[in-house]
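Below is one structure, written out as structure tokens, with a few remarks after it.
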Amino acid sequence: MRFVAAILFLLCGLSGPVLAGDAHVACVQNQLSALGQDPGPVDGQSGPRTRAAVAALVSESAPEAREAYGRLPEFSRRAAVGWCREIGRFHLDALPFMPSYRMPEVHVSDEVSPQMRRALLAAHAQARTYMAEQYGVRLASRVQIAAAVTPEAFRELVRTTEEGQQIPGTTLRASAERNCLGTRGLGGSMYRDVMTFCGLAMGVEDAAQLRLARDTLTSVMVHEYVHHMQREMAYDKVERWVRKGETVRRRLGPAWMVEGTAEVLESRYWTRDAHVAGDALFLLRARAVAAQKSLASVRTDDEVRTAGAYAVSHYAAALLAGRFGDQSLIGFWRAVGETDNWYEAFAQVYGMSVEEFEALYAGMLESRAYGLEFVQDIDIDGDGLIAGQETLPPAAETAQVQSN
């Protein structure tokens, strides 16, 4: 009954409009009210009454929920998206107040076919369901989706969004060229709140080509949905904050972990297999070797733009997922949000520093056996070492590589 009441509360608009406030703060305020707390008016402002109501909810929660809340940053406008998500996870009554409970807002240019316009929402639903069922990830934030066929239409369309108006012209032009004119026929980008898609595939109407176009869209959608997850978990859903006199590192990093996570989880969508097939690992390594690029250089470049950089990132993340499990990739992004420092988060999740893994990775490029040893945690080449090391952080209990 309380769940039904929560839905009626939303439909009837009893919470009132949120004018200048934050949507995720308003989410938490509505959730608190539905759960019997008193956060004050739903104004999207993180005031003392709201913070007191959050503290009261935590103190009255079951141990599992208290533990989860304890890992979140102190409640604030920036951290509100995490509180909105976690309160919704533990209280069914609170789910309808999450912004993501509503369908994404979709904007398309005139060249996008009606079939592919419908496919956008279907692909988003598939990506959302996949992340929820496979990894238990249910996000709180809502995205806008923008899709076009040509670079010119892409730029014009993105500019119509509030966030798009703040993107530098050179950045937007580069994004349009990369996404709209790529060899795949469809590219995507995830900004803070806007997920974009562009390419010839968005204009497909022919029945014979639609299946391939839809499959390509779904694949790219999963990839961008992972970036959406990364931004939410890293609390990169509010404008960049910089303390006076300080230089603040990007919230999402290292760059190879940003794209590598998305590459791995995108590929898993099609296999639904938590194991890395031995020959697939060899193929990923071969592509990474051909790139002739170190993992450390991808980090210092601070971006992944070339096919070689994507190959290097994919292999690195696949190795980590193979040894420590796919959930470790998601755990890393949770830790980034908890620590606000991706070096610290990496060490916390993987038991070694970013630089130590990058050095290990270099050895796994040199030796075909080292990658399998690292993932399977066994000595394959008989040298008494694992991937050339005497000791490594313990692997996950279940081996992540299957022999074919």
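Where does the longest stretch of the chain lie that holds no GluC sites (Glu not before Pro) found in a DSSP loop with 16 or fewer other Cβ atoms within 10 Å? Walk me through the numbers before you get to the answer.
Working: sites that count: GLU74, GLU111, GLU162, GLU163, GLU205, GLU239, GLU246, GLU303, GLU390, GLU397.
Of all site-free stretches, the longest is 304-389.
When the convex hull of the C-alpha atoms of the chain is computed, what volume per residue in Å³ does it have? Provide the component values of the computation, followed by the final result.
Working: hull volume 66.3 nm³, N = 404.
Measuring per residue, one finds 164 Å³ for the Cα hull of the chain.
Could you pull out the trypsin sites (Lys or Arg not before Pro) across region 297-404 that fall in loop regions by DSSP (anything but H, G, I, E, B) with no more than 15 other Cβ atoms inside 10 Å?
Counting only loop positions with at most 15 other Cβ atoms within 10 Å, the trypsin sites (Lys or Arg not before Pro) in region 297-404 are ARG305.
When only DSSP loop residues count, what chymotrypsin sites (Phe, Trp or Tyr not before Pro) in region 52-106 have their Cβ near at most 14 other Cβ atoms within 10 Å?
Counting only loop positions with at most 14 other Cβ atoms within 10 Å, none of the chymotrypsin sites (Phe, Trp or Tyr not before Pro) in region 52-106 qualifies.
In debye, nearest 20, what is the charge dipole magnitude of region 20-177 about its Cα centre with +1 on Lys and Arg Cβ and -1 on Asp and Glu Cβ, if you could check?
140
Residue-wise, which Karplus ³J(HN,Hα) couplings in Hz belong to region 326-332, taking 6.51 cos²θ - 1.76 cosθ + 1.60, θ = phi - 60°, and x for glycine or proline?
Once rounded to whole Hz, the list reads 4, 5, 5, 5, 6, x, 4.
Calculate, for the chain, the solvent-accessible area per residue in square angstrom, rolling a 1.4 angstrom probe over the heavy atoms of the protein chains. Write out the running numbers ahead of the final one.
Working: 18420 Å² over 404 residues.
Value for the chain: 46 Å² per residue.
With viscosity set to 0.692 mPa s and temperature to 37 °C, compute the Stokes-Einstein D of region 56-210, Rh being the Kirkwood radius across alpha carbon pairs; µm²/s, no decimals. Please list the in-between numbers first.
Working: Rh = 17.5 Å.
Stokes-Einstein gives a translational diffusion coefficient of 188 µm²/s.
For a quick check: with amide H placed at 1.01 Å from N, whose amide H comes under 5 Å from ILE145's, ignoring anything fewer than 5 positions away on the same chain?
GLU105, VAL106, HIS107, MET195
Would you work out which of GLY185, GLY363, GLY388 lies farthest towards the positive end of the dipole of the chain, given +1 charges on the beta-carbon of Lys and Arg and -1 on that of Asp and Glu, about the Cα centre?
Ranked along the dipole, the leading option is GLY185.
Under a point-charge model restricted to the Cβ atoms of Lys and Arg (+1) and Asp and Glu (-1), what is the dipole moment magnitude of the chain relative to its Cα centre, in debye to the nearest 20? Can you show the working numbers first?
On the way: 41 positive and 50 negative charges, 230 e Å.
For this selection, approximately 1100 debye.
Calculate, for GLN348 and ASP381, the FRET efficiency according to 1/(1 + (r/R0)^6) with r their C-beta to C-beta distance and R0 25 Å; round to the nearest 0.05.
On the way: r = 31 Å, r/R0 = 1.23.
So, using R0 = 25 Å, E works out to roughly 0.20.
Can you tell which of GLY260, GLY21, GLY187 shows the greatest fluctuation in a Gaussian network model of the chain with Cα springs below 10 Å?
So, out of GLY260, GLY21, GLY187, the one fluctuating most is GLY21.
The values are calculated or read from the model by the stated rules, or taken from the named source; none is laboratory data. Quick caveat, the model's predicted, so the values are computed rather than measured. Backbone-built Cβ (ideal geometry, glycine too); neighbour counts: all protein chains shown. When the accessible area is computed, the model is the full protein with side chains, heavy atoms only, and any ligands, DNA or RNA have been set aside. Shrake-Rupley method; radii C 1.70, N 1.55, O 1.52, S 1.80 Å.
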